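Novice: Here it is, the structure, as structure tokens.
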Amino acid sequence: MVKIIKELFPQARIARADMDVTRKKKEWAATISAFKKREIDILVGTQTVAKGYHFPKVTVVGLVWADLYLNFPIFNATEHSLQQIIQVAGRAGRTSNNGKVIVQMMDEHPISYFFNEQDYLSFFSKELDIRIAVGYPPAVQLIEIEIRNINEKTVEQESMHYTEILHSAKRNIKGIINVLGPTKPLVHKIKSNHMRIIYIKAETIDAALYLYKSADRTPYASSFFFTPIY
């Protein structure tokens, strides 16, 4: 991206604001200082630049592939995407009426109607209707069970077997409760650990926790991690 921008604006002073830069505190502090002093014309970075920084002289912000996160298999992808877009867009024109935000999206999506943060209540209403219809938070409690093992075959077999145990155990629990999975997460291997995910959708966190505790995990070699998602 930096290379392309240099070709488009050969006279501009350009700097990066990605993970490689921001994790080096001194280098990142120097970059922020230079940008505020207008010693940098164009700052190219990730969503890091939107997190709490105030650049009063910035009047144009461009978002490339703004709808990328919308294609992730995550129930709150639309909500998260809109938050990020509004947050990044807020860097432009805070002290000027001439601020401009250019958003690139690969496909048309209803989210574009809500880029004006004043419309967030309309977005909330529509998103809530969808969540209720398909049974996702806040309509239900969503719990993630992550299973890890250094042996991929073991974690595959044990996650499938444990899912069967959960299905059997849920018959003894009152109320609506669903078990989904197992499936590979987007990142399904970290270092030597292979991972599988099981989801529990329940009316209450207590019901989900009761189901998790009632399914015996002692026979398994894998490690289990219980995380309330919402």
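The values are calculated or read from the model by the stated rules, or taken from the named source; none is laboratory data. Values in this document were obtained by computation on a predicted structure and should not be read as measured data. Glycine gets a Cβ as well: all are built from the backbone with ideal geometry, and neighbour counts include every protein chain shown. Accessible surface areas use protein heavy atoms only, side chains included; no ligands, DNA or RNA. Shrake-Rupley method; radii C 1.70, N 1.55, O 1.52, S 1.80 Å.
Novice: Going by the conditions given, is SER192 polar (S, T, N, Q), open to solvent by less than 70 Å² (accessible area, probe 1.4 Å) and farther than 21 Å from LYS153 by Cβ?
Specialist: On the way: polar (S, T, N, Q): yes; open to solvent by less than 70 Å² (accessible area, probe 1.4 Å): yes; farther than 21 Å from LYS153 by Cβ: no.
The answer is no for SER192.
Novice: In addition: Considering the range 108-121 alone, what residues qualify as being open to solvent by 100 Å² or more (accessible area, probe 1.4 Å) and not hydroxyl-bearing (Ser, Thr, Tyr)?
Specialist: GLU108, GLU117, GLN118, LEU121
Novice: Say we look at the range 9-36 and pick out the residues that are within 18 Å of PRO56 (Cα to Cα) and polar (S, T, N, Q); which of these is surrounded by the fewest Cβ atoms within 10 Å (Cβ to Cβ)?
Specialist: If we take residues in the range 9-36 being within 18 Å of PRO56 (Cα to Cα) and polar (S, T, N, Q), then SER33 is surrounded by the fewest Cβ atoms within 10 Å (Cβ to Cβ).
Novice: Please verify whether the range 136-152 includes one or more residues that are surrounded by fewer than 15 Cβ atoms within 10 Å (Cβ to Cβ), of a type outside the set (A, V, I, L, M, F, W, C) and free of Cβ contacts under 8 Å to residues at least 12 places away in the same chain.
Specialist: The answer is no; no qualifying residue exists.
Novice: Now, a different point. Output the residues belonging to the range 73-103 that are among the charged types (D, E, K, R) and either under 22 Å from VAL140 (Cβ atoms) or modelled with pLDDT of 90 or more (or both).
Specialist: Filtering the range 73-103 for residues among the charged types (D, E, K, R) gives 79, 91, 94, 100.
Across the range 73-103, the qualifying residue is only GLU79.
Novice: Residues in the range 179-191: is at least one over 16 Å from THR227 (Cα atoms), in contact with a Leu (Cβ under 7 Å, 6 or more places away or on another chain) and basic (Lys, Arg)?
Specialist: There is no residue in the range 179-191 that is over 16 Å from THR227 (Cα atoms), in contact with a Leu (Cβ under 7 Å, 6 or more places away or on another chain) and basic (Lys, Arg).
Novice: Same structure, new question: Got a sec? Which helices (runs of 4 or more DSSP H) wholly within the range 1-99 have at least 3 residues that are touching a residue at least 12 places away in the same chain (Cβ under 8 Å) and over 23 Å from the mean Cα position of the chain (by Cα)?
Specialist: Details: elements: 2-8, 19-22, 25-36, 77-89.
By residue number, 25-36.
Novice: While we're here: Residue check: is ILE200 open to solvent by less than 20 Å² (accessible area, probe 1.4 Å), in contact with a Leu (Cβ under 7 Å, 6 or more places away or on another chain) and in contact (Cβ under 8 Å) with a residue 24 or more places away in the chain? Before you say what the answer is, go through the steps one by one.
Specialist: Numbers: open to solvent by less than 20 Å² (accessible area, probe 1.4 Å): yes; in contact with a Leu (Cβ under 7 Å, 6 or more places away or on another chain): yes; in contact (Cβ under 8 Å) with a residue 24 or more places away in the chain: yes.
Against the criterion (open to solvent by less than 20 Å² (accessible area, probe 1.4 Å), in contact with a Leu (Cβ under 7 Å, 6 or more places away or on another chain) and in contact (Cβ under 8 Å) with a residue 24 or more places away in the chain), ILE200 qualifies.
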